[in-house]
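S.K.: To start, I am sharing the structure in question, which I have written as structure tokens.
The values are calculated or read from the model by the stated rules, or taken from the named source; none is laboratory data. Computed from a predicted structure; not experimentally measured. As a convention, Cβ positions derive from the backbone with ideal geometry for all residues, glycine included, and neighbour counts pool all protein chains shown. Please note that ligands, DNA and RNA were not included when accessible areas were found on the heavy atoms of the full protein model with its side chains. Shrake-Rupley method; radii C 1.70, N 1.55, O 1.52, S 1.80 Å.
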Amino acid sequence: MGSLSEWIQQGWYKGSPWLVPLRPLSLLVSLEAKRRLQRFRKQRPLPPVPVLVVGNITVGGTGKTPLVIALVQAAVARGLKVAVVSRGFGGKTDQYPRQVTADSNALEVGDEPVLIARRTGVPVILDPDRRNALDVAIREHSPDLVISDDGLQHYALPRSAEIVVVDGQRGLGNGRCLPEGPLREPATRLKEVDFVVSTGGGWSGAYPMIMRPADITSLATEETLDPRAFLRKHPQVHAVAGIGNPKRFFNLLSMLGLGTTPHVFPDHHAFQPADLAFADGLPVLMTEKDAVKCAPFAEPHWWYLPVTASLPEGLLEQMLDRALGLDEGES
């Protein structure tokens, strides 16, 4: 992570006093966010099909993508046609709208859209104008449900239900809006959404979401090893993470018993072979989100660890019912 970005984020989450002079700007951001939300609520636009938004109120990753994947899989299991819309943060393309497939170049369209397409097989429509992405998804795929990966603050996008994902380990930092703190909107926004989900730790009033490790997979050959077999074969690894909260990944590897040399990269980092050229020959183990960008130049000793979102029983169904406008007992 760049030193300036890392320094700012450390200040947000440690309550550094040097941020206080930025408070007037933060108050302006907070007031503008409230004004935009009030205008959106007053208009109450109805989506042409059910739209479920999965987002956050903080800058940086909180674990939304595994939840989006779990929701898509649960909806498909119910027999619903699903499409996903996304901005494609971190991608380099300027061709919009664009459909992302499992074979799309993650460096062009973003890592998260490619990961969602690979794990779910549903159409993923990329456009910073999410309303336009929604219109394209409806016109070309006639979905029963559209799930927006991020976009909570994109009020041009009408929605049927909202889910906010909070990083339970880092929380809301100093509780201030940008630039003094990490919040895109005031913390009171959490009281207005349909569901709040917490990853990696407890959060009052939130539903817990635990990341369950799956089989560790070779980037080059797709060979899989369950975590115990991998540990026996490779007890020490280079752990690579270019995600919002790398510590969450490193802690998971430690829980599996692996000895790690951690390497932190910025979220959505555009990896190059030289980034992973470690001289000692130890295996490199990365997140699945990073793997979609590294696969084109993968070495035989590079591996990734997929995770799945585990939530309280019945919660995914409740979320889908809310988006679809179904009361419990009518679904």
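S.K.: Could you tell me which of the residues Phe40, Phe89 is farther than 24 Å from Leu316 by Cα, under 11 Å from the mean Cα position of the chain (by Cα) and not hydroxyl-bearing (Ser, Thr, Tyr)?
M.R.: Phe89
S.K.: Among the residues that make up region 275-284, is at least one of them within 17 Å of Phe297 (Cα to Cα), surrounded by 21 or more Cβ atoms within 10 Å (Cβ to Cβ) and not hydrophobic (A, V, I, L, M, F, W, C)?
M.R.: Looking for residues that are within 17 Å of Phe297 (Cα to Cα), surrounded by 21 or more Cβ atoms within 10 Å (Cβ to Cβ) and not hydrophobic (A, V, I, L, M, F, W, C), one finds at least one in region 275-284, hence yes.
S.K.: Quick one: in region 125-155, which of the residues that are among the small types (Gly, Ala, Ser) and modelled with pLDDT of 95 or more is nearest to the chain's Cα centre (by Cα)?
M.R.: So, considering only residues that are among the small types (Gly, Ala, Ser) and modelled with pLDDT of 95 or more, the one nearest to the chain's Cα centre (by Cα) is Ser148.
S.K.: Restricting the first residue to region 91-119 and requiring it to be more than 14 Å from Asp149 (Cα to Cα), which pairs with a second residue that is open to solvent by 60 Å² or more (accessible area, probe 1.4 Å) and assigned to a helix (DSSP H, G or I) meet a Cβ separation below 7 Å and a spacing of at least six or different chains?
M.R.: Gly91/Glu108; Lys92/Glu108; Thr93/Glu108; Ala102/Arg118
S.K.: Return the only residue of Val165, Val84, Val124 being in contact with a Ser or Thr (Cβ under 7 Å, 6 or more places away or on another chain), touching a residue at least 24 places away in the same chain (Cβ under 8 Å) and under 26 Å from Gly200 (Cα atoms).
M.R.: Matching residue, one of Val165, Val84, Val124: Val165.
S.K.: Return yes when Gln236 is without any contact (Cβ under 8 Å) to a residue 60 or more places away in the chain, open to solvent by 50 Å² or more (accessible area, probe 1.4 Å) and touching a strand residue (DSSP E or B) at 6+ places or on another chain (Cβ under 6 Å) and no when it is not.
M.R.: yes
S.K.: Mind checking which strands (runs of 3 or more DSSP E) fall wholly inside region 119-230 and carry at least 1 residues that are β-branched (Val, Ile, Thr), touching a strand residue (DSSP E or B) at 6+ places or on another chain (Cβ under 6 Å) and buried (at least 19 other Cβ atoms within 10 Å of the Cβ)?
M.R.: Here the list reads 124-126, 145-149, 161-167, 195-199, 216-218.
S.K.: Ok, one more. Report the residue count in region 43-71 for those that are part of a loop (DSSP other than H, G, I, E, B) and at pLDDT below 95.
M.R.: Number of matching residues: 8.
S.K.: Moving to a separate point now. Given the conditions (1) closer than 21 Å to Leu172 by Cβ; (2) touching a helix residue (DSSP H, G or I) at 6+ places or on another chain (Cβ under 8 Å); (3) open to solvent by 40 Å² or more (accessible area, probe 1.4 Å), and given that Gln10 satisfies all but one, which numbered condition is not satisfied?
M.R.: Here Gln10 clears every test but (2).
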